[in-house]
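My questions will all concern the structure given below.
The values are calculated or read from the model by the stated rules, or taken from the named source; none is laboratory data. Not measured: the values here are computed from a predicted model. Cβ: placed from backbone, ideal geometry, glycine included. Neighbour counts: every protein chain shown.
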Amino acid sequence: MRGAGVVDLGAVEGFPLPVDLAALVAMLVSVPVAEVSGAALVNGVAAWQQVIAMAQAAQATFVRELVARTAMDPLVRVADEVACALVCTRRLAQDLVLRADATAAHPVLADAWATGGIEARKIDVILTEAQAGTSLGGAVRDAVIHDAVAHAADLTAPQLARHVRTMVLAADPDAGDKQRVAARERRGVFLDPAPDAMARLIAYLPAADATAAFTAIDALAGNARVDGDTRTVDQRRADAFADIFTAILDRQTTPDGTPLPRKHGQRTALQVTVAASTLAGLDNNPGFLASYGPIPAQVARELAQDATWRRILTDPTGQACVVDTHTYRPGADLTRTVQARDVTCTFPGCRQPATRCEIDHRTPYDHHRSDHEQGLEPQTCAANLHALCKHHHQAKTKRWWQVTYDPATGVSTWTDRHGLTYARHPTPVLVPDHALHHRPPPPHPGNPPF
């Protein structure tokens, strides 16, 4: 097959097709989808998957060049820039940057990707599993990767992972223990919000620790069974699991009696924002649970029954109003106001809850300036403070990014070293009534600038 001259897509016997990206796209967009055979439709799906792989490989060449032009911490710095450009999470951008950088060191992998013979998911599998054999010599590792590329077209990603792992263990019998140690370094607990005011709490642990935790929870669930209890065993396990941590928050101590640590002078607790009118039952506007997101009004009311409440005034757009201080460190009230207003880290796309962020001065605090004597606006005020996670706080401190803030709109504008700007729009702590009414769509912005 050459060019775009394919008459019967259903007659294609295998992929990838030996054609460049532009020609393949030109051929596929000319296919009369409603008129071709079922075989042609299936092959068309596979051909478009080849297009996706080839396009990702082409995208990676731009990422590699950007990394090559970055002198300081290129993988970290470029990942932030890519995350803003693609409006994606930093984790996803890091994967893209690391994949582009790693394939450059393995031409056979880069070539297979560029021709559409392997997709990004399988590239990640090969690189991850091949890196487990840390004591493999360069030639042996190259042989493992060559073998993986040769088998990639016939194996799913999990099958390919097992195949590469087998090859690594055969070449490096000690790799299994090295991989176990490396995997242990990635242990963690993750909150994954789900619909309907539910969430998944995912713990990635060594097998023995995970089994011990499940055994204890299972025992608690068994003890919780009483006559008339209609809960399933899974429901009892879930309730027993939750009871452990709600009891810790209620007592503010760990099981051995150690007090829970405080941050910004505040006790460890859930943070729920809800309108007084909603608590009174006058409306059913959603509340907001920190670290999770919007919750139904009834859930907010249930949480309010045993809560300690603090008043936060909001403007008509739903943003928290401001207080200020003439000291460097914001007080507890100002800190809570900034956290409530920002909701998360204020770097575009970052989802780190503000309660787990650092409070930073947008314009660095000048310790030599006397606000009282010069009649100036306080430096430590809500307009000059924002919540930043540790990573993005350091990136700003290193001057990788410049940030400005418009207090009238609540928009933070971040500018990178290339002069590209990205807006982080405010997250209202309450939903204004007018936002719940249907509004016509905005006017079409016109043709794109290309």
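Can you tell me which of (1) modelled with pLDDT of 90 or more; (2) among the small types (Gly, Ala, Ser); (3) over 28 Å from residue 14 (Cβ atoms); (4) surrounded by 14 or more Cβ atoms within 10 Å (Cβ to Cβ) is the one residue 133 doesn't meet?
(1)
May I ask you to list the residues in region 72-105 that are part of a helix (DSSP H, G or I), small (Gly, Ala, Ser) and exposed (fewer than 15 other Cβ atoms within 10 Å of the Cβ)?
Once the filter is applied, which keeps residues that are part of a helix (DSSP H, G or I), small (Gly, Ala, Ser) and exposed (fewer than 15 other Cβ atoms within 10 Å of the Cβ), region 72-105 yields only 85.
Do we have any residue at all in region 27-43 that's within 30 Å of residue 139 (Cβ to Cβ), touching a helix residue (DSSP H, G or I) at 6+ places or on another chain (Cβ under 7 Å) and touching a residue at least 24 places away in the same chain (Cβ under 8 Å)?
no
Quick check: anything in region 28-46 of a type in the set (A, V, I, L, M, F, W, C), closer than 25 Å to residue 82 by Cβ and touching a Leu at 6+ places or on another chain (Cβ under 7 Å)?
Within region 28-46, not a single residue is of a type in the set (A, V, I, L, M, F, W, C), closer than 25 Å to residue 82 by Cβ and touching a Leu at 6+ places or on another chain (Cβ under 7 Å).
Okay, moving on. Just checking, how many residues over region 341-351 are at pLDDT below 90 and part of a loop (DSSP other than H, G, I, E, B)?
The total comes to 2.
Okay, next question. Which condition number in (1) modelled with pLDDT under 80; (2) surrounded by 17 or more Cβ atoms within 10 Å (Cβ to Cβ); (3) not polar (S, T, N, Q) is the one that residue 375 fails?
(2)
Next question, about the same structure. Could you identify the single residue in 53, 58 that is closer than 20 Å to residue 120 by Cβ, surrounded by fewer than 14 Cβ atoms within 10 Å (Cβ to Cβ) and in contact (Cβ under 8 Å) with a residue 40 or more places away in the chain?
None of the others qualify; the one that does is 58.
Tally time: how many residues in region 72-100 are under 11 Å from residue 349 (Cβ atoms) and charged (D, E, K, R)?
3
Follow-up question, since we're still on this one. Taking region 185-213 on its own, how many of its residues are out of contact with any helix residue (DSSP H, G or I) (no Cβ under 8 Å at 6 or more places or on another chain), outside any strand (DSSP E or B) and either farther than 25 Å from residue 352 by Cβ or of a type outside the set (D, E, K, R) (or both)?
Residues meeting the conditions: 8.
Return the only residue of 69, 121 being among the basic types (Lys, Arg) and either more than 25 Å from the chain's Cα centre (by Cα) or over 29 Å from residue 148 (Cα atoms) (or both).
Result of the check over 69, 121: 69.
Sticking with this structure for a sec: In region 428-439, is there at least one residue being over 24 Å from the mean Cα position of the chain (by Cα), more than 22 Å from residue 335 (Cβ to Cβ), of a type in the set (Asp, Glu) and at pLDDT below 75?
Scanning region 428-439 turns up at least one residue that is over 24 Å from the mean Cα position of the chain (by Cα), more than 22 Å from residue 335 (Cβ to Cβ), of a type in the set (Asp, Glu) and at pLDDT below 75.
Taking region 383-423 only, how many residues are buried (at least 18 other Cβ atoms within 10 Å of the Cβ) and among the basic types (Lys, Arg)?
Adding up the residues that qualify gives 1.
Would you confirm whether any residue within region 261-275 is within 15 Å of residue 428 (Cβ to Cβ), free of Cβ contacts under 8 Å to residues at least 24 places away in the same chain, among the hydrophobic types (A, V, I, L, M, F, W, C) and not assigned by TED's automatic domain parsing to the domain that holds residue 428?
No, region 261-275 contains no residue that is within 15 Å of residue 428 (Cβ to Cβ), free of Cβ contacts under 8 Å to residues at least 24 places away in the same chain, among the hydrophobic types (A, V, I, L, M, F, W, C) and not assigned by TED's automatic domain parsing to the domain that holds residue 428.
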